[in-house]
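Report on the following structure.
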Amino acid sequence: MTSITPLSTINDLFRRVSAAANPRAVLWQNEFGQWQPLSSDQIYQRVRSVAEAFLGWGAQKGDRIALIAENRWEWAVTDFAALAMGAVDVPIYPTLTGEQEAALIADAGCRIAVVSTRQQYDKLNAVRSQTQLERIVMMDSAEPEGAIAFSSLIAGADARGSQHDPVFDALVRAVEPKDLATLIYTSGTTGEPKGVALTHGNIAANQNIAPQDFNFDATDACISFLPLSHITARALDYVMYHCGAQVAYCSKFDKLPEAMREIRPTVFVGVPRVFEKIRQEVERRAAQSPVKKRMLAWAVKVGARHGDTVYDGRRPSSLQWKLADKLVYSQVKQAFGGRVKVFVPGGAPLGIDTARWFASVGIALWEGYGLTETSPVIALNTPLHHRMGAAGMPMSNLDLKLAEDGELLVRGPSIFAGYWHKPEANAECFDEEGYFRTGDIGHLDADGFLFITDRKKELLKTSGGKLVAPQPIESKLAISQLVAQAAVVGDKHKFVSVLIAPNFVALEDWARRHGIEAKSRTELVADSRVIALYGEIVRGVNGSLANFETLKRFRVVAEEWTIDSGELTPSMKLKRRVITARYAAAISEIYADEATSHGE
């Protein structure tokens, strides 16, 4: 990566893609599930056609264009097209309701929206009167009345071959680093969404530094499956385009295992929950056979002795390790396609236990950390510089400092200038020296590695004045194959407790094997044997916690927490306010006798 000319704008990236002469720059799946290529020339011509359509409708530099779609090649073409003409794209999670989408579109002042499916079109069209929208473009071929077919925008584009248009190219070059590129609305874990305004220069500055130690090239490939409305996924795609690697778009999460087998990516970036679920599935399958269970336990024990070697990116020479690799580790790697050389968890803190387990099965997870407001990477573990448990080494173009309460503050070219039309929020999120308040509690070790312990606003404070960081405790609980998610509660109470949402696939399997019959999930989680089972899990986690952190009580809930049901953000983080409101009665019951109970 260090030999590649630095970017000053995202349009520089588009120009590089256009000039790459790559016949398979992008892969996408047709309606029959077959992977189809898009060449560099096709990308250029389709981007040009879409940008010219926007211009023909009166769109101008600085105008906002909404983009509501799953991961697909049309997303990238629309993104590049808006940026090419100097417009500002506004990516919106397709999982939001129509009312939520309308609020964001109205706040951004979008007059054009590009959506993926008929379902997305109908949802947005129903609330169109609440927005300033004049045109809605639909990517899918079906054409409801009032929608503009994406196919009509790119008609004849491919026939132009490699011919470039000097007028369009001049437009692309005219965009400057200071120009606004995108408004990304935060998912609102602790409050109302705010539009993060990132310039071309912000994103380019991060792209120039973050991937330097990885040496990605045209032999690499990644699967784009994390929501592109999230800056982490979008930044990864940009990195891949930047170095000439292949990007394969996977529009549905349930298609990911198949895509892994077929694409066999070399780079895999996922939120920690993806890695936790893969570990749980490996352990669940092993538990179905006493022989497999013993073999996995043996292999993990062998691997644990060589975890540091694996984490350093080296292959252990031990004969036992090589045998375990052949019998067990290789099977885990096959879940990722068998060819991944770089695994990066991001979007939320990775628990140290998860990092150690994966190192014990031959996989090094090099954690990264950043925020939407920081374009996104602040720190990253790399093949050259890494430390397990750390968020990584800070980017060389950033200045970091810690406030008295441990909050991390950052300043540099990749840090946004502020939220869209939110002067009060902007005044609060920067200090007098221009450092951005991340809201994360962290520290730097003697070697300069950054460690993040928790979100400042999510720290729980017991009535005894003890501060408890919930995320590390929740990560420990989530290691169990029987736990899907956990939410620590207890702010302003004498002690902390936890709500546990089970992994019902694993729990129902366990119940069958133990002769437990339940007519409903409510009945299942109320069974005394199930409660005792989760009690053991909580007890095991408590053994690694300080006394004031220990979970004195717990409740197993009868629901799965999902993005669609509202408890999780699209990046799989807990929406704590939603959870505490939804389970207010259960929490009240936990603390009903608090005055007479023994706690911190």
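This table checks each residue for (1) in a helix (DSSP H, G or I); (2) in contact (Cβ under 8 Å) with a residue 60 or more places away in the chain; (3) closer than 22 Å to GLU134 by Cβ.
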| residue | (1), (2), (3) |
| --- | --- |
| ARG15 | yes, yes, no |
| ARG46 | yes, yes, no |
| ALA59 | no, no, yes |
| GLY62 | no, yes, yes |
| TRP75 | yes, yes, yes |
**Asked** Mind checking which pairs have a first residue in segment 94-116 that is in contact (Cβ under 8 Å) with a residue 40 or more places away in the chain and a second that is β-branched (Val, Ile, Thr) and in a helix (DSSP H, G or I), Cβ under 7 Å, 6 or more apart or different chains?
**Response** ALA113/ILE105; VAL114/THR78
**Prompt:** Of the residues in segment 299-333, how many are charged (D, E, K, R), under 23 Å from VAL269 (Cα atoms), more than 25 Å from the chain's Cα centre (by Cα) and in a helix (DSSP H, G or I)?
**Reply:** 2
**Complete:** Listed by first then second residue, the pairs whose first member lies in segment 509-520 and is under 23 Å from GLU281 (Cα atoms), whose partner is surrounded by fewer than 14 Cβ atoms within 10 Å (Cβ to Cβ) and of a type outside the set (Ser, Thr, Tyr), with beta carbons under 7 Å and at least 6 positions apart or on separate chains, are HIS514/ARG529; ILE516/ARG529
**Fill in**
By residue number, the members of segment 419-443 that are part of a loop (DSSP other than H, G, I, E, B) and over 23 Å from the mean Cα position of the chain (by Cα) are HIS421, LYS422, ASP431, GLU432, GLU433, GLY434, TYR435
**Message:** Just to check your reading of the model, which residue among PHE336, PHE358, PHE343 is in a helix (DSSP H, G or I) and surrounded by 15 or more Cβ atoms within 10 Å (Cβ to Cβ)?
**Reply:** PHE358
**Message:** Can you confirm whether GLN130 is among the polar types (S, T, N, Q) and touching a residue at least 24 places away in the same chain (Cβ under 8 Å)?
**Reply:** yes
**Residues satisfying the stated conditions in segment 142-177, i.e. assigned to a loop (DSSP other than H, G, I, E, B), closer than 23 Å to TYR44 by Cβ and among the small types (Gly, Ala, Ser)** = ALA155, GLY156, ALA157, GLY161, SER162
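Residue-wise test of (1) buried (at least 24 other Cβ atoms within 10 Å of the Cβ); (2) under 23 Å from ILE136 (Cα atoms).
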| position | (1), (2) |
| --- | --- |
| LEU7 | no, no |
| ASN11 | yes, no |
| GLY33 | no, no |
| SER39 | no, no |
| ILE43 | no, yes |
| ALA69 | yes, yes |
| GLU74 | yes, yes |
| ALA81 | yes, yes |
**Prompt:** Residues of segment 134-145 being buried (at least 16 other Cβ atoms within 10 Å of the Cβ) and over 29 Å from the mean Cα position of the chain (by Cα), which ones?
**Reply:** ARG135
**Asked** For LYS492, which of the numbered conditions (1) in the same structural domain as ILE378 (by TED's automatic domain parsing); (2) at pLDDT below 90 fails to hold?
**Response** (1)
**Prompt:** Quick check: is even one residue across segment 286-297 among the polar types (S, T, N, Q) and surrounded by 16 or more Cβ atoms within 10 Å (Cβ to Cβ)?
**Reply:** no
**Those residues of segment 444-479 which are more than 26 Å from the chain's Cα centre (by Cα), over 22 Å from HIS386 (Cα atoms) and among the small types (Gly, Ala, Ser), in sequence order** = SER463, GLY464, GLY465
**Message:** For the structure I just gave you, tell me whether TRP510 is in a helix (DSSP H, G or I) and of a type in the set (Phe, Trp, Tyr).
**Reply:** yes
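The values are calculated or read from the model by the stated rules, or taken from the named source; none is laboratory data. Computed from a predicted structure; not experimentally measured. Reconstructed Cβ throughout: ideal geometry from the backbone, glycine too, with neighbour counts over all protein chains shown.
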